[in-house]
Amino acid sequence: MTVTTDVTRPLELQQEYRRRGLWPQVTLAERVLAIARDTPDRVAVIDGTDGRQVSYQQLVDDASRIAGFLRAQGVGPGDGVSVQLPNRYETVAVDVAVLLLGARLNPLLPDYRRHELAHILRVSEARAYFTPTTHRGFDHAALADVLRAELPDLATHVVVDAEPTPGRTSLAQVLQHEPVTDFPKPVPSDLSELIFTSGTESQAKAVMHSEETLNNSVMATARHLGLGDDDVVWMPSPVGHSTGLNFGVRLALLHGLPVVLQDRWDPAVAAQLIETHRPTYTLAATTFLSDLLRVAREQQRDVSSLRSFGCGGAPVPPELVRAAAQAGITVLRLYGSTEGLIMSWNQPQSPQHKREATDGVHLPDVELQVRDELDALLEPGSPGELVVRGPNVCLGFFADPERTASSFTPDGWFRTGDVGTVDAEGYVSIVGRKKEVIIRGGLNIAPRELEDLISEMPGVLDVAVIGMPDERLGEIVCACIVPSDQDTVDFDRMVEFLRARDVATYKLPQRLLLVPQLPRTATGKVRKVELASVARAGGSG
C-alpha cells in the first residue's frame, strides 16, 4: 500500500480550508449509513435497465456484505479496489462497500481493454477487481484471468452478473457473506478515489482525491445550482469515471436523493426515463443533449423536468442551448476536469447570453486565474492558461511525484493546461488545450474557437478541429465534420461561412475531412489522436 499525503498545497492552506469548514469532515459512507438509519425506505437508486428501485437500507445491507467479503480477502483501509462495471445498481453497492472499508476506490470505464487496464491495475496497486463476465459482447472475465496472471497482487476477481457464474466468484455468492458492522473510523483527508484520466493522453494519469476534496466540490455544486430535497438525479454518463460517479452517484447519495441510472446510451430510453421519473438534474456530454432533444421532438416526449442540465467537455453550440430551452430544459455550461472537478458553472439565474456563450462563474471558494507563458496574470478577456486553486483540487498524481511537482506551483495553484478567458464579470470561457493549440506559421490557433463557429454552420452535426503537419508552415488546420447531408457541406462552403464571420485568414482551415462520426471517449471527449491518423490517410479540401 502506498501512503499518500497532500503535497500540492501548503500546510497553512490545508488548515485554512478545515478551519473555514470548506473541507467537510464527513464521508460519503457515513452519510449513506446515516440516511439508511433515519429514513431506511427512502429510494437510493433506480436502475433504468430493469426498473428496480432500491432503498438506502437495502443499499447499506448489500454494501455491508460486499465489505465483509472484501475484508475476508484481506482488503482493508488504503488498499486498492478496481471497479469496472456499467451503470447498474450493483455498481453503486460495490462502490459504497469499498468506501465503507476505507479502501481506495478505482472506478474504470467498461470500454477499457488490456492496453489501458494493464497500466491502470498495476499503477493503482489493485488488490480486488470487479467486472461483468461479459458486457456488450466483450469477455471481461477472460481478460481478468490474463491480467491476474501478470499482476500477482491482484488476488481477488468478482464477476457481477444477474446469475451466479460457474467456476468464478460471483456477486451472488459475495452477497451471502456475513455483513461488516464494525466499520473503520473514516479519515476524510485520506485518499478515497483514484481516478484515471479518460485516455486523451498517451499514458493515463492517476488522479488522487480525498473525501474532503470530493465532497467539497459536490456540496458546492448542489448549493451553486440550488438543488434541494425534492430533486432527482439522472445519470447516463459512465459511473466508471468522475463525471458519473461523483456528480451523479456521489452527489445524489451525499444529499439523500434518488439517482436514476441509465447504462447503454439510447436517447429514446433516456426520454422515457425522464418522463417516468422526472429527474431535475444531470451532467452529460453535448452529444447526449442533442440526441435527447431530437428524440423528444420526434416522439413528443416531455423532458421539461430537467431544470439543470450540466454540459461540458466539448463545444456546446448556442443554438443547442436555445433549442433545449424551447423543450423546457435549462442547459448550464460548465468547466471541469478530473483534477479540479467542477471549477466553473453557469447557474439557472445566469443571463441567457452568458449561458449560451460561456462556461459560467467559478464555484464558491474556487480561485481561477489566467496567466501568460511567463506566469504573469493577464487582464480580463485576455486568453491564457487557466490555473486553479481551491478545496476542490486533487491531491496530485498517484506514485508520480515528478508529474505532481510540474503540475502544481509551490503555493498550491494547479496548471490546468487549458487555455481560456475570464471576463470582467467573472465568466469563464474555454478556448482550447495548450497542447492542442495549432501553430501555423508562428501564429497560435485555438481549435475550440473554430469548433464553436463551424458548429453553427448549416448541415454540421458535429465538428472537431485538429492540426496537421505542414513542411512550410509547421502546421495547418484541418476541420473534421460529421455532416447531416454530405451535399450541404464542402470545403468552399465552410471557408465562405467562416469568412462571413470575419475569421482571421490565418485561422481558416486548409483541409476538410468528412467523417460518419467523431471518435469519442465514454465521457464525450473527442479522441483527436485517432482523428489525426484518419486525416493523414485521406480527406477533402
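Only the coordinates and a few stated rules stand behind these numbers; no lab work does. If you're wondering where the values come from, they're calculated on a predicted model, not measured in any experiment. Note: ideal-geometry Cβ built from the backbone for every residue, glycine included; neighbour counts use all protein chains shown.
Note on segment 137-185 and segment 1-68: Cα centroid distance 22 Å, given to the nearest whole angstrom.
Only helices enter this figure: runs of n ≥ 4 DSSP H residues, each worth -39500 (n - 2.57), summed and divided by the residues of the chain, yield -9000 deg cm²/dmol at 222 nm to the nearest 500.
For the chain, the alpha carbon convex hull comes to 156 Å³ per residue, rounded to a whole number. In this structure the amide hydrogen of S55, modeled in the peptide plane, comes within under 5 Å of the amide hydrogens of A44, none closer than 5 places in sequence on its chain. All Cα-Cα distances of segment 1-95, cut into 10 Å bins from zero to the largest, leave 13, 32, 31, 21, 3 percent in each bin in turn. 3J(HN,Hα) along segment 471-481, derived from phi through the Karplus expression 6.51 cos²θ - 1.76 cosθ + 1.60 where θ = phi - 60°, amounts to 5, 8, 9, x, 8, 10, 9, 10, 9, 9, 10 Hz, with x in place of Gly and Pro. Relative to the compact-globule estimate of 2.2 N^0.38 Å, the Cα radius of gyration of segment 179-238 comes out at 1.50. DSSP beta bridges fully contained in the chain are about 60 percent antiparallel. Highest mean packing first, where packing is the average number of other Cβ atoms within 10 Å per residue, the peptides 132-141, 329-338 line up as 329-338, 132-141. Each other residue within a Cβ distance under 15 Å of S305 adds +1 if Lys or Arg and -1 if Asp or Glu, for a net charge of -1. Note on segment 440-537: Rg/Rh from C-alpha atoms, Kirkwood Rh, equals 0.94.
Once label points are set 7 Å from the Cα along Cα→Cβ at both Q369 and V7, what is their separation, rounded to one decimal in nm? A separation of 2.3 nm, rounded to one decimal place. Volume per residue of the convex hull around the Cα atoms, evaluated for segment 427-473, comes out as 102 Å³. Shown in residue order for segment 146-155 are the 3J(HN,Hα) couplings computed by the Karplus curve 6.51 cos²θ - 1.76 cosθ + 1.60 at θ = phi - 60°: 5, 5, 5, 5, 8, 10, x, 6, 7, 7 Hz (x for Gly and Pro). Bridge orientation summary for segment 440-537: considering DSSP beta bridges with both residues in this region, about 75 percent are antiparallel.
Compactness of segment 106-192 was expressed as the Cα radius of gyration divided by 2.2 N^0.38 Å, which yields 1.21. Highest-first packing order for the peptide set 82-89, 264-271, 29-36 is 82-89, 29-36, 264-271, based on the mean count of other beta carbon atoms within 10 Å.
Under 5 Å between amide hydrogens, built in the peptide plane, is the criterion, and for V463 it picks out V482 among residues at least 5 positions away or on other chains.
From the alpha carbon centroid of segment 188-256 to that of segment 310-334 is 21 Å. Per the Debye formula with a single identical scatterer at each Cα and no solvent contribution, what log10 I(q)/I(0) holds for segment 309-453 at q = 0.08, 0.10 Å⁻¹? Log10 I(q)/I(0), no solvent term: -0.23, -0.36. In order along segment 349-354, the phi-based Karplus estimate (6.51 cos²θ - 1.76 cosθ + 1.60, θ = phi - 60°) of 3J(HN,Hα) comes to 8, 4, x, 4, 5, 6 Hz; Gly and Pro are listed as x.
Taken over the Cα atoms of segment 165-277, the convex hull encloses 203 Å³ per residue.
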